[in-house]
Amino acid sequence: MLFSPIEYLKGVGPLRGDMLKKELNIFTYKDLLEHYPLRHLDKTKVDKIRSINFNADYVQVAGKLMHFDIVGEKRSKRLVAYLQDDTGEIELTWFQGINWVTKTLHTGHHYLVFGKVGSFMGKIQIVHPEIEPYTEEKAGGKKFLEPIYPSTEKLKVRGLNGRMLAKLTYALLQQLSPKDLPENLPESIIKQYRFISRWEANCHIHFPATEEMYKHAVRRLKFEELFFAQVRLGLIRSTRHRFSKGWIFDKVGDFFNTFYNEFLPFELTNAQKRVLKEIRKDAGSGKQMNRLLQGDVGSGKTIVALLSMLIAADNNFQSVLMAPTEILAQQHFNGITAVLGTMNIEVRLLTGSTKTKERKEILTKCEDGSLHILIGTHAVIEDKVQFKNLGFAVIDEQHKFGVAQRAKLWKKNSLPPHILVMTATPIPRTLALTAYGDLDYSVIDELPPGRQPINTIHRFESKRPQVMDFLRQEIEKGRQAYVVYPLIEESSKVDYENLMKGFEEVKSFFPEPKFWISMVHGKQPAEQKEVNMKRFVTGDTNIMVSTTVIEVGVNVPNASVMVIESAEKFGLSQLHQLRGRVGRGAEKSFCILLTGNKLSAEAKERLKILCATNDGFAVAEKDLEIRGPGDIEGTRQSGDLNFKIANIVQDRIMLEAAKEAANVIVENDPEFTMAENLPVKEYLQWQKGKTIWSKIS
Ligand code: ADP
Ligand code: MG
């Protein structure tokens with residue numbers, strides 16, 4: 001019943017059906033039922049026209065339709081109707097559907113009008129209001145809550161406004177009975193949370209008997225949605241745990257021990273130790289590991305990866321470490337070979353620019369097993385690279401790697417290698433639970449000791465000379481500086497022009513030969529980028545002017561100042577990533593956010609947060625609050641994030657509860673064999689079997 005095509009519903013038909021599909025993605029009865037109201041309107045509450053003010057949001061007024069006017073021509077042509085009650089007059093305006101409106105509304109009649117308040121030439125008006133005949137009975141009738149549904153302008157002019165949607169939904173509920181919406185939660189959960197039944201929830205979410213019932217309905221439906229998302233993710237994870245065999249690393253041997261005891265230049269932080277334990281446990285379990293490792297910039301993820309790769313070597317397995325760019329791969333290689341010192345272990349670098357002769361040598365060593373660790377760009381997963389016994393793969397800065405690329409890794413050995421995905425884009429825990437719930441998850445939530453917090457300051461464009469003076473002082477003390485320009489689109493000409501202009505400007509403040517400047521951007525040939533980058537890394541240049549290509553992973557400890565140009569154009573998380581390039585050495589570090597003099601309230605808020613905290617997770621939480629879950633970097637564009645009623649930011653506490661409840665079931669009864677879990681199983685099957693089919697129109 002619920003999967004019947006929407007056009008079969010009485011009052012819909014093929015034409016409206018098409019509109020509902022196109023405009024609101026409503027294909028079936030079920031989709032309509034899940035098109036939840038925005039709010040409810042107390043029908044007995046009618047505003048007096050005189051008491052409406054310009055700042056009101058939505059109003060409901062009742063009055064007599066006095067007359068119509070057609071105003072303007074062609075594009076600006078509109079219909080204005082004048083509605084009067086005993087206190088005043090208000091204008092109702094239509095830009096579209098004028099013929100339809102003049103046909104259905106009649107002067108002299110009374111109407112109930114609902115809509116968003118706007119103003120035009122100093123007069124209050126409602127554009128495209130929802131309107132229906134007003135009767136005495138309605139005015140004096142008993143209090144009831146009418147649902148208001150989200151609709152679109154196109155639907156409204158076809159008469160499919162929020163009120164019509166209410167009528168359709170009402171008709172639908174009349175046709176349904178409790179057996180169409182059988183219980184889908186286990187009895188114990190319903191008892192524990194005192195939920196109303198699924199049937200009741202679906203009725204009262206649309207047509208609540210009382211506000212209290214509405215709240216109950218919302219609670220239940222939100223929980224349901226979060227719970228089933230977590231069950232699905234949990235099942236993927238548990239299936240992997242139960243069925244995907246992995247290599248067993250059961251010993252810690254000479255490579256690890258020698259390095260740990262003789263070469264490791266610092267004490268691991270507790271967080272690093274904990275994560276290492278988690279990885280060892282996974283890799284020793286006989287199941288394939290798929291672990292996401294999150295840690296703020298500078299939290300020391302690389303050493304954890306290296307120690308894991310040494311354990312792989314101790315168990316006679318080879319490892320790869322993939323980085324998204326050549327510069328990063330090179331840096332990993334340099335860093336890792338430096339820290340490994342004189343240890344007897346074979347580590348090589350393979351990128352697109354590795355020379356043929358060396359490449360051949362590396363490929364041979366991969367194949368004969370004499371190479372332990374291969375570091376590189378995506379070149380390491382090309383088909384030509386064959387391993388004798390690949391057992392461990394580290395992917396750094398994962399969001400730059402596609403799923404298809406990752407899949408290639410799996411085919412490099414008879415069993416897939418253990419996979420450690422590292423990301424420095426802090427993802428709020430709530431988002432990680434939903435976006436990455438199918439992966440195992442580790443966090444390094446502690447920075448190595450002795451780090452100086454980065455001093456972040458916001459300055460307006462008008463203060464540029466002072467900012468440049470400050471830069472000069474720092475450079476004269478021997479430090480280096482970054483000046484970063486926004487690059488919104490790789491191909492945007494304007495952005496590049498700005499970068500070039502910026503470069504010239506910086507040059508005019510810092511003339512050669514007293515100062516030297518490097519410039520790096522995405523359009524340069526790889527070699528040129530490399531050379532410019534190296535000159536900065538080695539300290540030959542004082543300033544690095546760049547686009548966001550330096551965003552990820554670059555490590556120049558002597559660089560202690562960063563100026564971010566047009567900082568208002570960057571997202572919060574991105575700004576945080578960028579500033580992570582400084583504060584890597586012992587010196588006090590600064591990040592100066594330069595912006596235009598005019599800022600939106602949201603931009604101000606973003607800059608304020610950044611100046612107030614250095615904690616990447618706090619920044620990410622705020623970012624999530626401001627932008628909502630859809631836009632956060634480092635998360636998959638996952639359908640799982642598009643909740644219909646739940647909101648992972650506002651409903652975090654419920655998300656945690658839903659996850660816990662889901663985990664208990666998935667861990668104890670993954671096949672849903674217990675009688676009590678049968679409703680869950682049936683609901684999952686019911687959804688799986690039908691939803692996909694229903695979307696094909
Ligand atoms: P990220 O997590 O951003 O990749 P890195 O792994 O590059 O961070 O580490 C940043 C710096 O911190 C490196 O220079 C590294 O040697 C250093 N580091 C890592 N762990 C520790 C530690 N426990 N104590 C001191 N320094 C550390
Ligand atoms: Mg890193």
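Based on alpha-carbon centroids, what's the gap between the range 308-355 and the range 228-252 in Å, whole number please? Each part reduced to its Cα centre gives a spacing of 27 Å. Averaging the sequence gap over all C-alpha pairs within less than 8 Å and six or more residues apart, then dividing by the number of residues, gives the chain a relative contact order of 13 percent.
At an R0 of 51 angstrom, the distance between the Cβ atoms of Lys408 and Thr135 translates into a FRET efficiency of 0.15. Per-residue SASA remark: Val649, around 20 Å² accessible (1.4 Å probe; ligands, DNA and RNA not included). Exceedance of the 23 Å cut-off in Cα-Cα distance is limited, within the set Lys222/Lys681; Lys22/Lys659; Lys245/Lys384; Lys22/Lys45; Lys523/Lys569; Lys215/Lys644, to Lys22/Lys659; Lys245/Lys384; Lys22/Lys45.
Converting phi to 3J(HN,Hα) with the Karplus coefficients 6.51, -1.76 and 1.60 and the offset θ = phi - 60°, the range 99-107 yields 4, 4, 5, 5, 6, 8, 9, 10, 5 Hz in sequence order, with x at every glycine or proline. In the range 254-444 the Cα-Cα distances spread across 10 Å bins starting at 0 as 9, 39, 39, 12, 1 percent of all pairs. At the residue level, Phe255 shows approximately 50 square angstrom of accessible surface with a 1.4 angstrom probe and all protein chains present. Placing one equal scatterer on every Cα of the range 153-202 and applying the Debye formula, the log10 ratio I(q)/I(0) at q = 0.22 Å⁻¹ is -0.79.
When Ser51, Ser308 are compared by accessible area of protein heavy atoms, the largest-first order is Ser51, Ser308, using a 1.4 Å probe. Per residue, the accessible area of the range 455-613 comes to 44 Å² when a 1.4 Å probe rolls over the protein heavy atoms.
With the simple model of a label 7 Å out from the Cα in the direction of the Cβ, Gln685 to Ile248 spans 3.6 nm.
Other residues with beta-carbon under 13 Å from the beta-carbon of Ile190 carry, at +1 per Lys or Arg and -1 per Asp or Glu, a net charge of 0.
Once the C-beta distance of Lys608 and Arg429 is scaled by a Förster radius of 22 Å, the resulting FRET efficiency is 0.45 to the nearest 0.05. The HN-Hα couplings worked out from phi for the range 569-585 by the Karplus form 6.51 cos²θ - 1.76 cosθ + 1.60 (θ = phi - 60°) are 8, 9, x, 4, 5, 5, 4, 5, 4, 4, 5, x, 6, 9, x, 9, x Hz, whole numbers, x standing for Gly and Pro. From the Cα gyration tensor of the chain, with a ≥ b ≥ c the square roots of its eigenvalues, which class applies: rounded if a/c is under 1.5, or else prolate if a/b is larger than b/c, or else oblate? Oblate, since a/c reaches 1.5 and b/c is not below a/b. Projected onto its three principal axes, the C-alpha set of the range 250-358 covers 39, 31, 31 Å, listed from the longest axis down.
Per residue, the accessible area of the range 45-141 comes to 59 Å² when a 1.4 Å probe rolls over the protein heavy atoms. Full extension of the chain between His106 and Phe263 gives 47.7 nm of extra length, using 0.36 nm per residue less the Cα-Cα distance. Under the shape rule built on the C-alpha gyration tensor, where the axes satisfy a ≥ b ≥ c, the range 455-613 is rounded, since a/c falls short of 1.5. In this structure Glu504 has an accessible area near 100 Å², from a 1.4 Å probe over the protein heavy atoms.
The percentage of C-alpha pairs in the range 45-141 whose separation is greater than 16 Å is 52%. On full extension, the segment bounded by Asn389 and Asn647 gains 88.4 nm, given 0.36 nm per residue less the C-alpha separation. Here the spin labels are modelled as points 7 Å beyond Cα on the Cα-Cβ line, and at Ser51 and Lys123 they lie 2.4 nm apart. Database remark: amide H of Val127 closer than 5 angstrom to the amide H of Thr93, Lys116, Gly118 (H placed geometrically; neighbours at sequence offset of 5 or more, or on other chains; Pro and chain starts carry no H). Where a Cα-Cα gap under 20 Å defines reach, which aspartates and glutamates qualify for Lys64, not counting those fewer than 8 residues away within the same chain? Within the straight-line limit of under 20 Å, Lys64 reaches these aspartates and glutamates: Asp47, Asp85, Asp86, Glu89, Glu91, Glu130, Glu132, Glu136, Glu137. When Thr425, Thr325 are compared by accessible area of protein heavy atoms, the largest-first order is Thr325, Thr425, using a 1.4 Å probe. Summary of packing: across the peptides 183-193, 103-113, the per-residue average of other C-beta atoms within 10 Å ranks them, highest first, as 183-193, 103-113.
Its DSSP H runs of at least 4 residues, each contributing -39,500 (n - 2.57), put the calculated 222 nm mean residue ellipticity of the chain at -12500 deg cm²/dmol, to the nearest 500.
Carbon and sulfur atoms: what percent of the 1.4 Å accessible area of the chain do they account for? Answer for the chain: carbon and sulfur cover 53 percent of the accessible area. Estimated at 0.36 nm per residue, the fully extended path between Asn99 and Glu625 surpasses their Cα-Cα distance by 185.0 nm.
Spacing of the modelled spin labels on Ile70 and Glu446, each 7 Å from Cα toward Cβ, amounts to 7.6 nm.
The values are calculated or read from the model by the stated rules, or taken from the named source; none is laboratory data. Just so it is clear, the model here is predicted, and its values are computed rather than measured. Counting neighbours? That spans all protein chains shown, and the Cβs are built from the backbone with ideal geometry, glycine included. Heads up: the accessible areas ignore ligands, DNA and RNA and are worked out on the full protein's heavy atoms, side chains in. Shrake-Rupley method; radii C 1.70, N 1.55, O 1.52, S 1.80 Å.
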